[in-house]
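The values are calculated or read from the model by the stated rules, or taken from the named source; none is laboratory data. These figures come from a predicted structure and were not determined experimentally. Neighbour counts run over all protein chains shown; Cβ positions are idealised from the backbone, glycine included. The protein model used for the area step is the full one, side chains on, heavy atoms only, and it has no ligands, DNA or RNA in it. Shrake-Rupley method; radii C 1.70, N 1.55, O 1.52, S 1.80 Å.
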Amino acid sequence: MTSGATRGLFISFEGIDGSGKSTQLRALADHLGPDTLVTREPGGSEGGEEIRRLVLTGDPGRWSAETELLLFTAARRDHLERTINPALDAGQTVITDRFADSTRVYQGATRGDLRAKVDQLHDLMIGVEPDLTFVIDMDPAIALERGLARGSGEDRFEDFGLGFQETLRHGFLALASAHPKRCILIDGNRDVAAITTEIIAHATARLPR
Ligand code: ADP
Ligand code: TYD
């Protein structure tokens, strides 16, 4: 840790594709001000962004479930070493669009029976959790429409379809209820401002005064 800085608060946003994570994350960051680092997964570091291109573009069947798990974990390790830890050590608040919960749900709960391997790899190579996780819950049909409307070209997972998004939603709900101290479940089926107000209230309650 750099001289005298208190380690910053580590916040993640989770939820299905198009649930409003990026919108809410930006609003929270704007509210918290300049000592806030906004980042994302997969990505958030040079190497992480290179891996992002490998996992989010191309054919849905491009990678086996196991290879995909390794790629997401490699991206996270690089992100943690080069971006997240240095910022937290310098006392910044770090807000990330997705972290390990996404792997637990996307790879662990949907792509074969990989959950035990997901947890083992996490323990071996990552070993940390955010201090606070906002899980934005919303109707997958609406979220899918919103996500595809963006036309980002990074639609490999959206391309798995609505049934897949329903499975993901239940995965996130189960995670939130298994970790009630860390995770705050947010109803995303409301207007942007109402959701932001709730998120800001929870985050500021956790920040040192
Ligand atoms: P995510 O990061 O979870 O994929 P985004 O924040 O990018 O989601 O939102 C997906 C789309 O939905 C964007 O076009 C965004 O403007 C819109 N959107 C986000 N939150 C809401 C909301 N509460 N109501 C209506 N539209 C929203
Ligand atoms: P992103 O653009 O963050 O998603 P969104 O559509 O919600 O804005 O793209 C990340 C995609 O990668 C998303 O579909 C979830 C998936 N993903 C995993 O499958 N495993 C992971 O560990 C992470 C971090 C993301």
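Could you give the nm distance between label points at A141 and R115, where each point is 7 Å from its Cα heading toward the beta carbon?
2.8
How high is the relative contact order of the chain, in percent, with contacts defined as C-alpha pairs under 8 Å that are six or more residues apart?
Relative contact order of the chain: 32 percent.
State the percentage of accessible surface on the chain attributable to carbon and sulfur atoms; use a 1.4 Å probe and exclude ligands, DNA and RNA.
In the chain, the share of accessible area belonging to carbon and sulfur is 54 percent.
Residue by residue, what Karplus-based ³J(HN,Hα) values in Hz, rounded to whole numbers, does the range 129-136 have, using 6.51, -1.76 and 1.60 with θ = phi - 60° and x for Gly and Pro?
Each residue's phi maps through the Karplus curve to give 10, x, 6, 8, 10, 8, 9, 8 Hz.
Work out the length of the dipole vector of the chain about its Cα centre, built from +1 on the beta-carbon of each Lys and Arg and -1 on the beta-carbon of each Asp and Glu, and round it to the nearest 20 debye.
Values: 24 positive and 32 negative charges, 81 e Å.
The dipole magnitude comes to about 380 debye.
Pick from G108, G188, G127: which is most flexible by mean-square fluctuation in a GNM of the chain where alpha carbon atoms under 10 Å apart are linked?
In the Gaussian network model the winner is G127.
Express the accessible area of the chain per residue in Å², computed with a 1.4 Å probe while the remaining protein chains stay in the model. Don't skip to the end; give the middle numbers.
Working: 9750 Å² over 209 residues.
Heavy-atom SASA per residue in the chain reads 47 Å².
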